[in-house]
Amino acid sequence: MGGARRPTSNSPSALLIGPYDPHCGEFTFLAPPLGVWRLSGVLEAAGIETKVFDPNCCREAPQRALERELRSGAWDIVGVSTTGMTLRFDLELAHIVRRVTPEAFIVAGGMEATFRPELMFELGPFDLVVLGEGERPLLELAARLRAGQPLGGIAGTVERNRDGKIIRIPQRALTRDELRDAIYSTPYDKMPYSAYWERLESAYRIGALPSKAAREAHLAEIRSVRLITLNYCPMGCTFCSSTNFLHEAQGSVASLARLEADECLTMIERIVAAHPRVRTIIFQDDIFVFTRDRRILPLCEGIIAAKDRGRIPAHLQFISTNRIDAMSSERLTAMSRAGFRVLGFGVENFSPKVLGEFNKAQIHRHIEPMLSTALASGVTPFLDLILSSPHATLEDVGQTLREAYRWLRAGCEIGMYPYVIPFSGSAIARDPNFLPQTHYAHQRVAGTDITWHQPVKILPVDPIVTDAILRMERSFGAMLGPLERQVAHLPSRLRSLLWILSSLPIMAERGQYIADESEVWSELYARLPTLRPAATPMAAATA
Ligand code: B12
Ligand code: SF4
């Protein structure tokens, strides 16, 4: 590190690679990778030729497509975005870059690189790792390349010197104005949302849906564009990495920033202009409404006024993720009138004790009244749940399954995970007390001999609870396979019913009644009319 390099032309060029998830869209709606697209907009605005390579949206195998892309241009900087769950695939692409373009300056960035820079150097062919928000470090890197200056010592980077010593140089978080400028630079007109929509429409076999209403509902879900107006999250949930991201990069407590109501409206109008077929804008902020929030009511009024004046379509809908303890009847009514159709809530668990472990005990008393009010206002709450925590008891798991089923029947949508995933950078993943319950996966980087053990599960301390959770996981997998062969794509709301089904015999064996099995199957058929009862496994596998 540290030596000067010459750019391939007067102005350096950059190729930015998004996180690679070969199981595209299995759990979630995939979308163009917002992080690298925003970076590309910022670099282009500074006169640096930049291209995004999106491995999740290629016509051919992403490995071949990347090789072609690398050979088609002389890239001075190749940036690889990383997340924990996609790391082995991200590394595969990084090694292809090194093999095909040995001279390229390869930079790792994103969540996993920020929390595990040493691991990046150990497993990947990187010249530099960027900590936190990539805008400033990449601009500085390009400026130095352009000037032929040495590349060492850039704020917001980690480098490895000739002796193998790791040198870490923190950077402060983007200021409010810097964040606004970066968001404004996001090149929505270039982002291939239509390509994603077409893929999702065929994955859901929209044309084959029985009613116009069902087709319309699916299209509203699929034709969505993601907008982020906040840099990460102040909540401090113990299982979450996002909440620690900026602090990690800054080396101290960083302050958060977000767009104002009128700036959100500017972005909404730009998105509609860039993608006129959009039906839903998903505010991808970790937390869209704070408890002492002064933005949400003016924003809702602004959206309604913009719809009345025809500046945005009257049918445009919105989705956001919110703190349940930041909701009130007034806010819910305003959001519903503005077109917020689905509101995500990180409820996580219905046991107060488990919520305490997750550092969110304060939300418990708000769950029941706010879900009821949201449903009454015509808004669909989407609850994210984690069935167990390190100290969960069987009763906690049973309580969460029973409540989940009750709220599903009441009209909520639910995404369920069986246990805590130890994301790098989360408080739980850093706690040595949980090492005995941490399970690892043996990972290999395709095309190389590189292997490592990656933490993938933190299971409950109580062996009885762990046994139940692992059996449920096996049973869920056994039921999912045949169903997925029969229907197009199983969204989270249906997966949650499968989790409940898979839990029934296992929890019953231990004296926990969750729900009536035939009734749960009926709920599944009601949500999936194309499912043929005769061909489905009628009893939950007990694995
Ligand atoms: C929106 C979102 C999604 C969306 C859309 C993703 C997309 N295509 O845009 C969906 C729902 C599809 C999704 C899926 C998944 N997600 Co997600 N997602 C998010 C969320 C909420 C926002 C991401 C975002 O757009 N941020 C805004 C952009 C501007 O920020 P950014 O991506 O962090 O990028 C900045 C920096 O990281 C850095 N940077 C990023 N890449 C690079 C590359 C280089 C070279 C450089 C220099 C810098 C750099 O610079 C960028 C600009 O400042 C984050 C939480 C969060 N707040 O970040 C979780 C998060 C990233 N997701 C996460 C996970 C686990 C997943 C899934 C694996 C879940 C699953 N089981 O399927 C999948 C992976 C799919 C995939 N292919 O990546 C985790 C990652 C955990 C970790 N430590 O690695 C996060 C952090 C949430 C969490 N704490 O649990 N996700
Ligand atoms: S889980 Fe959600 S609310 Fe909690 S800290 Fe993370 S992003 Fe914030």
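Descriptive notes on the structure:
- Candidate cross-link partners of Lys353 among the lysines, defined by an alpha-carbon separation under 24 Å and a same-chain spacing of 8 or more, comprise Lys457.
- A protection proxy built from the mean count of other Cβ atoms within 10 Å ranks the segments 319-325, 111-117, most packed first, as 111-117, 319-325.
- Tyr232 accessible area, 1.4 Å probe, all protein chains in place, Å² to nearest 10: 60 Å²
- Convex hull volume per residue for the chain, taking Cα atoms only, in Å³: 151 Å³
- Simple spin-label estimate for Glu103 and Thr380 gives 5.3 nm between the two label positions (7 Å along the Cα-to-Cβ direction from each Cα).
- Low-density loop positions, chymotrypsin sites (Phe, Trp or Tyr not before Pro), the stretch 470-528 - DSSP coil, at most 14 other Cβ in 10 Å: Tyr513
- If the chain linking Arg277 and Ala361 were pulled fully straight, counting 0.36 nm for each residue of separation and taking away their Cα-Cα distance, it would gain 26.1 nm.
- The mean accessible area for residues of the chain, using a 1.4 Å probe and ignoring ligands and nucleic acids, is 41 Å² per residue.
- Probe 1.4 Å, all protein chains present, accessible-area order of Cys412, Cys240, largest first: Cys240, Cys412
- Spacing of the modelled spin labels on Tyr525 and Ser252, each 7 Å from Cα toward Cβ, amounts to 6.4 nm.
- Stokes-Einstein D for the stretch 230-380, Kirkwood Rh over Cα pairs, 37 °C, 0.692 mPa s (µm²/s): 199 µm²/s
- FRET efficiency, 1/(1 + (r/R0)^6) with R0 30 Å, evaluated for Ala155 and Glu269 via beta carbons: 0.30
- Heavy atoms of Asp262 accessible to a 1.4 Å probe, total area in Å² rounded to 10: 100 Å²
- Taking His442, His95 and ordering them by how much accessible surface each has at a 1.4 Å probe, largest first, produces His442, His95.
- Linear extension gain, Ser72 paired with Leu297, 0.36 nm per residue minus alpha-carbon span: 76.1 nm
- For the chain, the share of accessible area belonging to carbon and sulfur comes to 52 percent (1.4 Å probe, ligands and nucleic acids excluded).
- Averaging Cα coordinates gives a centre for the stretch 416-482 and one for the stretch 133-158; these two points are 37 Å apart.
- Extension gain, His23-Glu118: 0.36 nm per intervening residue step, less the Cα-Cα distance, totals 31.5 nm.
- Remark: relative contact order (the stretch 38-99) = 26 percent; criterion is Cα-Cα distance under 8 angstrom and separation of 6 or more residues.
- Sorted peptide list for 360-367, 119-126, 299-306, criterion being average Cβ within 10 angstrom, highest first: 119-126, 299-306, 360-367
- Value at 222 nm in deg cm²/dmol, rounded to 500, when DSSP H runs of n ≥ 4 in the chain each add -39,500 (n - 2.57): -13000 deg cm²/dmol
- Accessible area (Å², 1.4 Å probe, nearest 10) - Lys190: 120 Å²
- Distance (nanometres) between label positions extended 7 Å along Cα→Cβ at Ser194 and Glu330: 4.4 nm
- Only Cα pairs under 8 Å and 6+ residues apart enter the sum, and on that basis the relative contact order of the chain stands at 11 percent.
- Sorting Arg311, Arg176, Arg226 by solvent-accessible area of protein heavy atoms yields Arg311, Arg176, Arg226, largest first, with a 1.4 Å probe.
The values are calculated or read from the model by the stated rules, or taken from the named source; none is laboratory data. Keep in mind it's a predicted model, so treat the numbers as computed, not measured. Quick reminder, even Gly has a Cβ in these numbers, built from the backbone with ideal geometry, and neighbours come from all protein chains shown. Calculation scope for accessible area: heavy atoms of the full protein, side chains included, ligands and nucleic acids excluded. Shrake-Rupley method; radii C 1.70, N 1.55, O 1.52, S 1.80 Å.
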